[in-house]
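A short worksheet on the structure shown next.
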Amino acid sequence: LQLVESGGGLVQPGGSLRLTCAASGRHFEYYAIGWFRQAPGKEREGIACISSTGGSTRYADAGKGRFTVSRDNAKNTAYLEMIDLKPEDTAVYYCAANELLINVCVLQPEYDYWGQGAQVTVSS
């Protein structure tokens, strides 16, 4: 499975972005998807995840109320909608996939496939 993120960029504080994770390969619908981010000098952290069917989602405290994860299995695509962005959201954002998680997802980096990352910069 190959993953490609897009939709990153420069946005002002309070602005919004939608990141897209496009997958190529077989059986995207079998994979849980996690969204992670890594800021300069900091460890990679899990922000949101969604189970293979989309029936279960989880959010880190940093994303609750502002980030929404979703997926469209017919399009082999997952999304991370981000609103009310803050300078501390500046990071490289990654999507990742795990086919062993059944009907759940996790915010720990226990994922087998990773995208190359998309830069999100929140600055005025």
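The values are calculated or read from the model by the stated rules, or taken from the named source; none is laboratory data. Being a predicted model, the structure only gives us computed values, none of them experimental. Here the Cβ positions follow ideal geometry from the backbone for every residue, glycine too, while neighbour counts run over all protein chains shown. Ligands, DNA and RNA are stripped out before the accessible areas are found, and what is left, the full protein with its side chains, is counted by its heavy atoms. Shrake-Rupley method; radii C 1.70, N 1.55, O 1.52, S 1.80 Å.
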Which residue, chosen from Thr57, Gln119, Leu10, occupies the Cα position most advanced towards the positive end of the dipole of the chain, where the dipole is computed from +1 (Lys, Arg) and -1 (Asp, Glu) charges on Cβ about the Cα centre? Leu10
Residues in region 1-39, backbone N under 13 Å from the label point at Ile83 (7 Å along the Cα-to-beta-carbon vector): list them, ranges by number please. 14-18
Dipole magnitude of the chain about its Cα centre, charges +1 at Lys/Arg Cβ and -1 at Asp/Glu Cβ only, in debye to the nearest 20? 160 debye
About the Cα centre, charge dipole magnitude for region 40-112 (Lys/Arg +1, Asp/Glu -1 at Cβ), debye: 140 debye
Accessible area per residue in Å² at 1.4 Å probe, computed on region 1-115: 50 Å²
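For region 56-124, just run the numbers: alpha carbon Rg, then divide by 2.2 N^0.38 Å, N being how many residues it has.
Rounded to two decimals, the normalised Rg is 1.18.
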Sorted from largest to smallest, which semi-axis lengths in Å does the alpha carbon gyration tensor of region 11-116 give for its equivalent ellipsoid, taking the root of 5 times each eigenvalue? 22, 14, 12
Got a sec? Which residues in region 68-105 would a label at Glu29 touch, if it sits 7 Å along Cα→Cβ and we count backbone N under 13 Å? 72-77
Of Ala62, Ala74, Ala22, the most mobile residue in a GNM of the chain (C-alpha springs, cutoff 10 Å) is Ala74
On the accessible surface of the chain, probed at 1.4 Å, how many percent belong to carbon and sulfur atoms? 48 percent
On a straight-distance basis, which aspartates and glutamates could pair with Lys86 in a cross-link, Cα separation under 15 angstrom, same-chain partners fewer than 8 positions away excluded? Asp61
